[in-house]
Amino acid sequence: MPSKSFELKNSSSGLTTSLPVRAGTLGPEVLDIASLYKEQGVFTFDPAFGATASCESKITYIDGDAGVLLYRGYPVEQLAEKSSFMEVAYLLINAELPTARQLEAFSHSISRHTMINESLLRFFNGFYHSAHPMAMVSAVVASMSAFYHDSMDIHDPRHREIFSHRIIAKLPSIAAAAHKHSVGQPFIYPNNELDYCSNLLNMFFAVPCEHYEVDPVAAKALDLLFILHADHEQNASTSTVRLAGSTGANPYAAISAGVSALWGPAHGGANEAVLSMLEQIGSVENIPKYLAMAKDRSSYFRLMGFGHRVYKNFDPRAKIIRETCHEVLHKLGDENNPLFELALRLEEIALQDEYFVSRKLYPNVDFYSGIIYSALGIPRSMFTVMFAIARTVGWVAHWLEMVSDPAMRIGRPRQLYTGPTRRDYVSVALRRG
Ligand code: ACO
């Protein structure tokens, strides 16, 4: 029982409840309000979860004021510099960095699950060629629950492990199938001799009629972006996966719910929106006009790729991606990329503007990532799909953490009801107006 507590007194009834204060290993303490409704008959109200810890987790830690991001305790900067996406996936799922043998076995297992059922592949023919790839990916991932339902017992650790390897392995194949469907090219089967990101690029860009060599610069850049996107604690899509999964739903369906939640422009869809915005701004002279629109509350325009619920400082991922942009564009011979130059100027001007400074609005992970994806030849509508591939690792880690806890309960928020009070039905003939 925690020794610290918080006294909450109801000013009308005089009733006092002692709420236990729980401390994590890092970050603010939390008030355990589980007894509040039973003792005082009141709920707490926090519609966008700005001040609510929805669960206990050991996976990822963010200090938004200091701009710190740790995966299982390891700073994301160190992982970005020294690690690989496969190693980070192992770390997030298994809580520790792998030994060389564990990493080899994990990567081998992932590569053995890359093929998707031929029937599933035919699903894509049902989509119009202009269907947004996120819609296709979400639908096909949900359909995986139809292929792996009877064989999936969420209480069986081995079944959970197979699910986690299978979904991480198949997401690139599903994404590539969506891309090939959009451009009308034949699907390229996975090549298990290639590493995770090289295989993805091969499935994207190879065609059956000629030899295709994956550019190691592109594969390395993608691997880095995937490390940076792999997890971000209880964000909207991860919370969606947890909530859907808490019902005992098939985990493929829960991951599909996460893909859908990620799609929104306030979340993972921002990477696509940033590039459209930069093109819309067009040149440095137009920046003040668009900043004025972003500051105008009567306009829906926001500076995409700016601001974050948790970071009130630089998003550490954005810093790394900005540096990587310089390197990758240089290596690809695209150092004078006009959209990158415009983005740099936009950041500089916004960060001198009182509106952005006072609200602590900094570039987030999505501000620069689209510029790299674009330089790699990935179409804009696929940017959020790339994010989804990487974030699948985080969704899986959180689903596993939740489901392996014997105390798991269905997630079920309450509400402040402001609708009509009880009233009697009036038959249609007697209704006025
Ligand atoms: N442009 C202009 N103003 C902004 C922006 C922005 N990008 N972001 C926040 N603000 C303003 C708000 O209007 C608000 O101003 P006010 O205090 O005068 O009302 C203030 O800053 C606080 O913003 P909130 O909307 O309350 O912040 P919230 O935490 O709810 O939203 C979000 C965070 C959704 C990321 C928001 O900053 C945003 O819409 N950014 C643009 C979209 C984006 O880049 N999303 C990707 C986020 S990263 C990710 O999910 C992977």
(request) Take the stretch 283-306 and flag every residue that is more than 7 Å from the ligand (Cβ to nearest atom) and either closer than 15 Å to Ile349 by Cα or touching a residue at least 24 places away in the same chain (Cβ under 8 Å) (or both). (result) Ser283, Val284, Glu285, Asn286, Ile287, Pro288, Lys289, Tyr290, Leu291, Ala292, Met293
(message) For the stretch 226-238, which positions are in a helix (DSSP H, G or I) and either surrounded by fewer than 22 Cβ atoms within 10 Å (Cβ to Cβ) or within 12 Å of the ligand (Cβ to nearest atom) (or both)?
(response) Leu228, His229, Ala236, Ser237, Thr238
(request) Return the pairs, sorted by first residue and then second, in which the second residue is of a type in the set (A, V, I, L, M) and surrounded by fewer than 19 Cβ atoms within 10 Å (Cβ to Cβ), the first residue lies in the stretch 260-272 and is farther than 17 Å from Val141 by Cα, the beta carbons are less than 6 Å apart, and the residues are 6+ apart or on different chains. (result) His267/Ala236
(request) Scan the stretch 95-119 for residues that are in a helix (DSSP H, G or I), in contact (Cβ under 8 Å) with a residue 40 or more places away in the chain and either closer than 16 Å to Ala177 by Cα or among the basic types (Lys, Arg) (or both) and report the count. (result) 0
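Listed here are the residues, each with its yes/no results for (1) closer than 20 Å to Val141 by Cα; (2) within 16 Å of the ligand (Cβ to nearest atom); (3) in contact with a Pro (Cβ under 6 Å, 6 or more places away or on another chain); (4) among the aliphatic types (A, V, I, L, M).
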| residue | (1), (2), (3), (4) |
| --- | --- |
| Lys170 | yes, no, no, no |
| Ile174 | yes, no, no, yes |
| Ala177 | yes, no, no, yes |
| Ile188 | yes, no, no, yes |
| Glu193 | no, no, no, no |
| Ser198 | no, no, no, no |
(request) Select, from Arg309, Arg391, the only residue that is within 14 Å of the ligand (Cβ to nearest atom) and more than 30 Å from Val217 (Cα to Cα). (result) Arg309
(request) With respect to Pro190, determine if the residue is assigned to a loop (DSSP other than H, G, I, E, B) and either among the basic types (Lys, Arg) or surrounded by 18 or more Cβ atoms within 10 Å (Cβ to Cβ) (or both). (result) yes
(message) If I ask for residues that are in contact (Cβ under 8 Å) with a residue 60 or more places away in the chain and farther than 15 Å from Ala218 by Cα, which ones from the stretch 324-349 would you list?
(response) Leu339, Leu342, Ala343, Arg345, Leu346, Ile349
(request) Taking only the stretch 77-86 into account, find how many residues are of a type outside the set (A, V, I, L, M), surrounded by 19 or more Cβ atoms within 10 Å (Cβ to Cβ) and either within 16 Å of the ligand (Cβ to nearest atom) or assigned to a helix (DSSP H, G or I) (or both). (result) 1
(message) I'd like to know if the stretch 95-106 contains one or more residues that are among the β-branched types (Val, Ile, Thr), surrounded by 12 or more Cβ atoms within 10 Å (Cβ to Cβ) and more than 16 Å from the ligand (Cβ to nearest atom).
(response) no
(request) Would you mind telling me which numbered condition in (1) surrounded by 22 or more Cβ atoms within 10 Å (Cβ to Cβ); (2) more than 12 Å from the ligand (Cβ to nearest atom); (3) not charged (D, E, K, R) Leu351 fails? (result) (1)
(message) If I filter the stretch 267-282 down to residues being assigned to a loop (DSSP other than H, G, I, E, B) and over 21 Å from Lys170 (Cβ atoms), which single residue comes out as farthest from the ligand (Cβ to nearest atom)?
(response) Gly282
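Quick grid of which residues meet (1) touching a residue at least 12 places away in the same chain (Cβ under 8 Å); (2) among the hydroxyl-bearing types (Ser, Thr, Tyr); (3) farther than 20 Å from Pro406 by Cα:
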residue: His211; (1), (2), (3): no, no, yes
residue: Val214; (1), (2), (3): yes, no, yes
residue: Val217; (1), (2), (3): yes, no, yes
residue: Ala221; (1), (2), (3): yes, no, yes
residue: Leu225; (1), (2), (3): yes, no, yes
residue: Asp231; (1), (2), (3): yes, no, yes
residue: Ser237; (1), (2), (3): yes, yes, yes
residue: Ser246; (1), (2), (3): yes, yes, no
residue: Ala253; (1), (2), (3): yes, no, yes
(request) Hey, could you check the stretch 38-47 for residues that are without any contact (Cβ under 8 Å) to a residue 40 or more places away in the chain and exposed (fewer than 13 other Cβ atoms within 10 Å of the Cβ) and say which is nearest to the chain's Cα centre (by Cα)? (result) Pro47
(request) Hey, could you check the stretch 239-266 for residues that are assigned to a loop (DSSP other than H, G, I, E, B) and buried (at least 19 other Cβ atoms within 10 Å of the Cβ) and say which is farthest from the ligand (Cβ to nearest atom)? (result) Asn250
(message) Go through (1) in contact with a Ser or Thr (Cβ under 6 Å, 6 or more places away or on another chain); (2) outside any helix (DSSP H, G or I) for Met293 and report which single condition fails.
(response) (2)
(request) Answer with yes or no whether Ala397 is assigned to a helix (DSSP H, G or I), modelled with pLDDT of 95 or more and under 26 Å from Ala95 (Cβ atoms). (result) yes
(request) For the stretch 309-317, indicate whether the set of residues that are surrounded by fewer than 23 Cβ atoms within 10 Å (Cβ to Cβ) and in a helix (DSSP H, G or I) is non-empty. (result) yes
(request) Report yes if Leu92 is part of a helix (DSSP H, G or I) and closer than 26 Å to Val310 by Cα, otherwise no. (result) yes
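The values are calculated or read from the model by the stated rules, or taken from the named source; none is laboratory data. From a predicted model like this one, the values you see are computed outputs, not experimental measurements. All Cβ positions, glycine included, derive from the backbone under ideal geometry; neighbour counts span all protein chains shown.
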